[in-house]
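The values are calculated or read from the model by the stated rules, or taken from the named source; none is laboratory data. Please read these numbers as outputs of a predicted model, since none were measured by experiment. Positions of Cβ are backbone-derived with ideal geometry, glycine not excepted, and every protein chain shown enters the neighbour counts.
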Amino acid sequence: MTNEQFRALEALSGSGKANGGKADDLLSAAVTAFTAITRPARNDIQQLEDLTLPLLENATARGKRHAAAVLSQMEHAPRNLVLTLCDEAVEIAAPLLLRSPILTSTDLVDIIGRQGLGHARAIARRPQVDPIVQSLLESFADPAIDRSMAVRRHLARSDDARAAKEPAPVSDAARQAHDKLRAIMREETSKHLVSELQLNRDAPKPSATADHMIDTALLIDPVFFRNLLADTLGVSFEHAEAIIGKWPDSRLPIALRALGLSAQDSYLILTAVLGTIHSDKNALRDFVHIYRSIERETALAIVRRWKAGDMTALLREKLREMAAADDEPVLDAANSDGAGPLKAVR
């Protein structure tokens, strides 16, 4: 979505037509449009904030939840918008509480003070918290918070142990699935296949993106991975569901290749999400060769088309609803070469 389309959405919101369910569509379209701006300027951030804050008054929980999920990993998200969403119910605010880089320790303390235990439980699952926030969380003496803190301490000890040794090929959270894969390969007595799939000892550690996606894929509820894939690629939840699909028609390998994941990481994710996709050494070898033959630039171009298609469909749906509500040929104008009716929308 272009800056020009983003400004058109701003005009539609300011026209007073964003009541009822339309607020959800405008909120989703505006946030999605913002993600398409590669390097948002301060003015872009302020305009998104001015556009979306009034929409929150009429938006439903579904619309707010989608906005929170999209904004949760954005370094340039409008601060006031993020803080406002964090004061919503924990079912809405959870993605931001879990991973938003916008939130400072002071923000987290204030949120816990205002919202209480539910928000504190979500904050306890953040990858890192400073000692002040940690002490505040521990003061709840809540079993769910204590479990989250124990997991963080365990991961911290594991990181310290790995730092003192050679870099491990995979994260601890993915080790069980990794060992399962190695067992399959051992059963086939194929040393060549092991060397194909196993990371080289001198290779760098997997990226944070790969670790996060593997950890999420290993969760019991598949919705978490679908939501993470949608957020990472910048596509709708429905489109992410279609990308995952069923093996062997799944388009997930293309998405993972676009994100730069290795063949091993991708296989672990595919197996966790879709079940066992290959069980013999020949099929595994073919998977590795085919996956590595996918040019990353080609995969990125495909993902960009997916994202552009979602954004275009969203904007057209919004314009179609405006036309139906006001009996104005807005949709026809958007699909024609005439510029006259489009001026009224802008």
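Looking across the stretch 272-287, just one residue is at pLDDT 85 or above and surrounded by fewer than 19 Cβ atoms within 10 Å (Cβ to Cβ), and that is LEU274. Per this entry, ALA89 is not counted among residues that are aliphatic (A, V, I, L, M) and either farther than 26 Å from ALA120 by Cβ or crowded, with 18+ Cβ neighbours inside 10 Å (or both).
Restricted to the stretch 237-322, the set of helices (runs of 4 or more DSSP H) holding at least 2 residues that are in contact with a helix residue (DSSP H, G or I) (Cβ under 8 Å, 6 or more places away or on another chain) and more than 27 Å from ALA208 (Cβ to Cβ) comprises 281-293.
In the stretch 26-83, what residues are among the basic types (Lys, Arg) and either in contact (Cβ under 8 Å) with a residue 40 or more places away in the chain or outside any helix (DSSP H, G or I) (or both)?
ARG39
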